[in-house]
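Contents: one structure, followed by commentary.
The values are calculated or read from the model by the stated rules, or taken from the named source; none is laboratory data. In this text, all values refer to a predicted model and were calculated from it rather than measured experimentally. Cβ placement follows ideal geometry from the backbone for every residue including glycine, while neighbour counts extend to all protein chains displayed. Each accessible area value is taken on the protein alone, full model and side chains, heavy atoms only, with ligands, DNA and RNA left out. Shrake-Rupley method; radii C 1.70, N 1.55, O 1.52, S 1.80 Å.
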Amino acid sequence: MQKRTLYISLLLVSCLLLFGFSYASAQTVTFQPKTVSRCDTTVVNITVENPGELSAVEIIFEASGDYSSMSVDFAGGFTGLTNRVNQDLGAGKYRMAAMKATDGGDACVDFTGGVVVGEITFVTADVCDGIIDVIGSSVTGGEVTAATNLVGCDPIAGIATTVVPGSVTIANRPPSITCPDSMTVEWGDVVEFDVE
């Protein structure tokens, strides 16, 4: 009887630890990894996941690597938390923040399962292979002192957040050749056509 009670107790403790770990690791800001070819325009999604509602999100990140231009904006499908900041901090560092409007006309947003909050648009460099790294960051001094953070809805309190970096891998792809359709020509005729 004692042995069975010990097994049940150990099983219960294991389940509680597993639940606690999965709950604690569920608060994430993830930068989408992907592979693209050179000179391509590509969009990297920024996804926030939390098992429940949030009243605010703040995402600070920096990008480095092989790109010729970059722009950052909130995702078109993200309609909640309408009091927003989209700030270029210079040197590839950005700050995005979204919170409930103070006029009471805004509600908390459920982030269970993940919500695409932002989009980073890159034009990859003209290189045969390369990497663009996007990592979580922080900013200290000046007008802002902040790091990536999520704020709960009830209670309104900061939530420990894991930032999952992402990389855009630039791959050299072999060319594809488009030839013209079949044609019939007479002997001795000159034939010209384009191959793309």
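Within the stretch 157-184, the set of residues being free of Cβ contacts under 8 Å to residues at least 12 places away in the same chain and open to solvent by 80 Å² or more (accessible area, probe 1.4 Å) comprises Pro174, Pro175, Ser176, Asp181, Ser182, Met183, Thr184.
The numbered conditions (1) at pLDDT below 95; (2) open to solvent by 40 Å² or more (accessible area, probe 1.4 Å); (3) over 30 Å from Pro174 (Cα atoms); (4) touching a strand residue (DSSP E or B) at 6+ places or on another chain (Cβ under 9 Å) are all true for Glu49 except (1). Screening the stretch 158-194 for residues that are of a type in the set (Ser, Thr, Tyr) and within 17 Å of the chain's Cα centre (by Cα) and picking the one that is nearest to Thr124 (Cα to Cα) gives Thr169.
Go over the candidates Ala56, Ala63 one by one and state the one that is surrounded by 14 or more Cβ atoms within 10 Å (Cβ to Cβ), in contact with a Gly (Cβ under 8 Å, 6 or more places away or on another chain), small (Gly, Ala, Ser) and assigned to a strand (DSSP E or B). None of the others qualify; the one that does is Ala63.
Considering Asp154, Asp133, which residue is over 14 Å from Glu58 (Cα atoms), at pLDDT 90 or above and open to solvent by 30 Å² or more (accessible area, probe 1.4 Å)?
On the way: Asp154 fails: at pLDDT 90 or above.
Asp133 is the lone residue from the list that is over 14 Å from Glu58 (Cα atoms), at pLDDT 90 or above and open to solvent by 30 Å² or more (accessible area, probe 1.4 Å).
For residues in the stretch 157-196 being in contact with a Phe, Trp or Tyr (Cβ under 7 Å, 6 or more places away or on another chain) and part of a loop (DSSP other than H, G, I, E, B), which is modelled with the highest pLDDT? Can you show your working first?
Our first condition is that a residue be in contact with a Phe, Trp or Tyr (Cβ under 7 Å, 6 or more places away or on another chain); within the stretch 157-196, this holds for 164-166, 168, 180.
Add one more test, that the residue is part of a loop (DSSP other than H, G, I, E, B), and what stays is 165, 180.
Values: Pro165: 97, Pro180: 82.
In this case the residue turns out to be Pro165.
Close contacts from the stretch 91-109, counting a first residue that is in a loop (DSSP other than H, G, I, E, B) and a second that is open to solvent by 60 Å² or more (accessible area, probe 1.4 Å) and not basic (Lys, Arg), with Cβ to Cβ under 7 Å and a gap of 6+ residues or different chains, come to Gly92/Glu62; Gly92/Ser64; Lys100/Asn83; Ala101/Thr82; Ala101/Asn83; Thr102/Asn83; Asp106/Thr82; Cys108/Glu53.
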